[in-house]
1. Which ordering of THR132, THR99 is given by a fewest-first count of other beta-carbon atoms within 10 Å?
2. Helix 440-453 versus the longest principal axis of the chain: what angle, 0 to 90°, nearest 10, using Cα atoms?
3. Take the alpha-carbon positions of the stretch 279-376, form their convex hull, and give its projected area averaged over all directions (one quarter of the hull surface) in nm².
4. Taking Rh as the Kirkwood radius, which is the inverse of the mean 1/r over Cα pairs, what is the Rg/Rh value for the stretch 79-118?
5. Once you put a point 7 Å from the Cα of ASN463 and another 7 Å from the Cα of VAL113, both along the Cβ direction, what distance in nm separates them?
6. Just want the answer: with Cβ charges of +1 for Lys and Arg and -1 for Asp and Glu, which residue in ILE108, ALA93, THR120 is farthest toward the dipole's positive end in the stretch 70-120?
7. I'd like the projected area of the chain, averaged over all directions, using the convex hull of its alpha carbons. Report it in nm² with one decimal.
8. What full-extension length gain, to one decimal in nm, is calculated for LEU336 and LYS162 as 0.36 nm per residue of separation minus the Cα-Cα distance?
Amino acid sequence: MSYVDEINKRRAFAIISHPDAGKTTLTEKLLLFGGAIQTAGAVKSNKIKKSAASDFMEIEKQRGISVATSVMAFNYKGLKINLLDTPGHKDFAEDVYRTLTAVDSVIIVVDCVKGVEEQTEKLMEVCRMRKTPVIVFINKLDREGKKPFDLLDEIEVKLRIKVRPLSWPISMGYSFKGVYNLYDKSLYLFNPGRTTIAEEVLAVNDLEEDILDKQLGDHAAQLREDVALIEGVYGPFDRESYLEGESAPVFFGSAINNFGVKELLDTFVEIAPTPRSRPADVRAIDPHEESFSGFVFKIHANIDPRHRDRIAFLRICSGRFERNKFFHHVRLGKDLRFRSPASFLAQEKSIIEEAYPGDVIGLYDTGNFKIGDTLTEGEKIMFQGIPSFSPEIFKEVINADPMKSKQLEKGIEQLTDEGVAQLFVHKQGNKKIIGTVGELQFDVIQYRLLHEYGASCRFNPLNYTRACWITSENKEKLAEFCKYRSDRLGTDKDGNIVYFSDADWVLRRVKEEYPEIEFHYSSEINTGLPGRKHSKS
Ligand code: G4P
């Protein structure tokens with residue numbers, strides 16, 4: 001197969017949702033349709049039901065370094081589909097954000113009873129920033145949920161994206177009859193509780209046909225009315241606008257009942273983008289360039305203290321990756337080769353000889369990588385757009401065992417390289433501050449420092465709620481700000497200045513006082529360039 005064909009047959013995507021909307025269930029059903037697994041129940045949920053470090057550790061141990069569930073590759077209709085797993089717990093949202101940099105499109109799962117929930121809004125924000133094409137799957141139609149048109153309106157308002165339904169439910173809950181596929185004009189009839197993956201399908205060339213009344217009874221008239229309204233209000237499906245991230249096709253179904261999933265997958269393979277180009281500091285890197293490049297977006301540590309190796313996940317952006325070939329690690333300025341790069345097909349991890357743009361491979365690492373690192377064939381580029389968001393919880397690290405301060409330092413350095421949390425140093429007193437989006441990470445850090453590095457620490461809670469990266473075109477004003485506000489300033493790991501705020505109203509006042517200073521909620525790994533501006537009032 002030619003190099004171009006290899007690229008064009010790849011689709012890398014992730015499924016995202018608020019916990020409990022049905023991400024794990026949908027993942028499993030897609031793998032069933034893709035033939036990657038044979039039975040339901042094979043995909044382990046990575047949800048942490050009770051928010052405790054012990055649960056997290058247990059799950060991590062089960063998942064272990066086998067990481068089979070981090071990337072799930074399967075073949076479908078001649079395509080190689082790479083489905084990237086994302087953590088289900090909201091405390092690990094940062095991990096999800098970074099995974100989103102490694103995919104070319106996304107499927108968002110929305111629970112039809114709960115509608116658009118908070119975590120989904122946040123994740124959509126990241127997709128919008130990156131113009132990632134999204135498809136929405138509205139799940140749990142076997143339950144009485146919100147009305148379909150209301151759900152579409154809610155998606156438009158809360159996710160700030162135009163929608164275009166490509167399937168339409170016929171009633172819901174107890175009287176759920178099925179979905180009408182607006183894309184290929186066929187009717188899929190629902191049989192609750194079915195465990196097989198076949199659906200009863202009727203091709204409907206004309207909605208006026210009698211068969212519709214026979215099958216759907218009173219619901220037929222409603223369907224005709226709804227379809228007429230959809231065609232009038234939403235216009236034809238525009239693939240370009242989907243690929244630009246401006247509109248989202250919407251599907252309805254019930255993942256647990258295998259319903260609506262095949263239409264989703266069949267349409268996905270038709271419309272989802274092939275590997276897209278990626279921004280680097282000097283230029284955008286096109287997947288068809290022959291010279292190899294890729295970046296690390298995730299590092300998975302081995303929880304077993306006897307093997308402190310890790311797996312760095314590399315998204316291939318251009319060229320061909322080859323086993324045992326030397327590639328250039330741009331940040332370290334040295335050449336490395338990889339004897340056992342791993343790929344993941346179904347649930348099996350296997351050593352690969354080569355990989356192409358759109359693939360994600362695992363590289364065994366003993367400490368060379370941190371998130372955002374770039375590998376090339378020699379060119380000195382750094383991939384960009386890998387976000388680092390402001391943490392919400394901040395604690396000072398206090399060494400509890402002075403004999404082990406080196407170990408503590410190393411442990412914190414490495415764990416924050418992995419992206420478990422962010423590390424800041426306060427300007428006053430050089431205090432080390434760890435910032436996270438959830439309490440759970442502190443337990444995880446403490447546990448791992450002890451078990452992997454033999455270091456113990458305590459955390460001293462700080463009442464900061466946000467770290468804003470600050471910049472200004474006016475260097476004098478910036479210097480003045482740094483002088484008078486040094487009690488609130490620190491630096492991130494790359495030396496960028498951050499301002500710690502303890503309340504949004506305080507931040508608002510400071511902004512009014514210093515209009516020349518810009519406050520940013522996110523920064524970009526590798527560039528230190530500020531991301532989104534603090535805009536919420
Ligand atoms: P998540 O990964 O997004 O967190 O969600 P997950 O798939 O684990 O699904 C959350 C719950 O919703 C599960 O129930 C799952 O069985 C249920 N679910 C998923 N799809 C559907 C659907 O189409 N209809 C209905 N009615 N329920 C659905 P649970 O009780 O939390 O877990 P379990 O004991 O069933 O595993």
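1. Least crowded to most crowded, the residues run THR132, THR99.
2. Once rounded, one gets 60 degrees.
3. Working: hull surface 26.0 nm².
Directional mean of the projected Cα hull area for the stretch 279-376 stands at 6.5 nm².
4. 1.01
5. The modelled label-to-label distance comes out at 4.0 nm.
6. Towards the positive end, the residue furthest out is ILE108.
7. Numbers: hull surface 103.7 nm².
So the mean shadow area of the Cα hull is 25.9 nm².
8. Using 0.36 nm per residue and subtracting the Cα-Cα distance, I get 58.1 nm.
Only the coordinates and a few stated rules stand behind these numbers; no lab work does. What you see is a predicted model; the values in this text were computed from it and never measured. All Cβ positions, glycine included, derive from the backbone under ideal geometry; neighbour counts span all protein chains shown.
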